[in-house]
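S.K.: I'd like to ask you about the structure that follows.
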Amino acid sequence: MSTKPSSSLTERRKAATQLDIAHAAAGLFAERGPDATTAEEIARHAGVALRTFYRYFRSKQDAVSPLLAAGADRWRALLEAAEPGSGLSRALESAVERSLAAPDEEAAEALLRTRGLLRAAAGDPALRAVWYRVNQESEERLVPVVARLADGRLEALQVRLVAAAATDAVRIALETWAGTEAGVTGEGSPAALALRCLRQLLGGMDVLPSASDDGAQGSSPAAPARPAKTGDAT
């Protein structure tokens, strides 16, 4: 008898329990702040035993990592769905814009929850460390996705630079937005800020084709103009 269905069900239950704990932690952090929240209280609000809490998370701050990682998982999945050679910069921009959009109440609440966690992290080094770790892990997982989309047009170093720039663009955008009262859509929103960051970071790296050339494989850079010599026709 195959054990795959049972294993899959166990993994889904594990993920659901982790998410319940993460939501409980985020709610308590927003209400009281991390300092005034204990692991015992988080476990009680999530409806699990304290030993279950520590089976999944090392600390109370670590408990919100599934929520902080959800956005990165979403936009990486959008990138994974893109076709290789279809235009890396356009694929990056589309994935960032779509993943940070707030088309419904659920998406808006997720962004506002992230804002609350980032504001709490500003005064809590342990929570800030969790945020940085989540971004580092996201960057590492993004490398093979970028490599596939680049379709051989970028060197390994360039692939890592693009993955780092894209991850930092989202991180900086969310951190900047969290320090403002801007809405979840429109000017100053996470999506608008992330696109701005992404274009500025990638635009200064000289590793991607220009917008007009993106997706055109095999194109060579234009040769520099030959300096005019005395006597050349004008």
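The values are calculated or read from the model by the stated rules, or taken from the named source; none is laboratory data. This structure is a prediction, so every number in the text was calculated from the model and none was measured. No Cβ is skipped: glycine too gets one built from the backbone with ideal geometry, and neighbour counts run over all protein chains shown. We work out accessible area using only protein heavy atoms, side chains counted, and drop any ligands, DNA or RNA first. Shrake-Rupley method; radii C 1.70, N 1.55, O 1.52, S 1.80 Å.
S.K.: Just add up the charged neighbours of E41: K/R +1, D/E -1, any other residue whose Cβ is under 9 Å from the Cβ of E41. Walk me through the numbers on the way to the answer.
M.R.: Values: positive: R32, R44, K60; negative: E40.
With Lys, Arg at +1 and Asp, Glu at -1, the net is +2.
S.K.: Accessible area of E140, 1.4 Å probe, to the nearest 10 Å²?
M.R.: That residue has around 110 Å² of solvent-accessible surface.
S.K.: Next up: Need one word for segment 74-187: rounded, prolate or oblate. Basis is the Cα gyration tensor (sqrt eigenvalues a ≥ b ≥ c); a/c below 1.5 gives rounded, then a/b vs b/c decides.
M.R.: Working: a/c = 2.57, a/b = 1.53, b/c = 1.68.
It is oblate, given that a/c is not under 1.5 and a/b is not larger than b/c.
S.K.: Return the FRET efficiency for the residue pair E187, A108: r is the Cβ-Cβ distance, R0 is 22 Å, and the value is rounded to the nearest 0.05.
M.R.: On the way: r = 16 Å, r/R0 = 0.73.
So the FRET efficiency works out to roughly 0.85.
S.K.: Ignoring ligands, DNA and RNA, what percent of the accessible area of segment 53-134 is carbon or sulfur (1.4 Å)? Walk me through the numbers on the way to the answer.
M.R.: Details: 1970 of 3860 Å².
In segment 53-134, the share of accessible area belonging to carbon and sulfur is 51 percent.
S.K.: What FRET efficiency comes out for the pair L50/D20, r = Cβ-Cβ distance, R0 = 25 Å, nearest 0.05? If you can, show how the numbers build up before the last one.
M.R.: Values: r = 14 Å, r/R0 = 0.57.
About 0.95, to the nearest 0.05.
S.K.: What is the distance, in nm, between label points placed 7 Å from the Cα along the Cα-to-Cβ direction at R32 and at R128?
M.R.: Modelled inter-label distance: 2.3 nm.
S.K.: On to the next question. Please compute the net charge surrounding A191, taking Lys and Arg as +1 and Asp and Glu as -1 over other residues with Cβ under 12 Å from its Cβ. If you can, show how the numbers build up before the last one.
M.R.: Numbers: positive: R98, R196; negative: E93, E97, E187.
For residues surrounding A191, the net value is -1.
S.K.: Counting other Cβ atoms within 10 Å of each Cβ, which GluC sites (Glu not before Pro) in segment 18-90 have at most 16 and sit in a DSSP loop? Let's see the in-between values first.
M.R.: Working: sites: E31, E40, E41, E80; in loops: none.
Filter output for segment 18-90: empty list.
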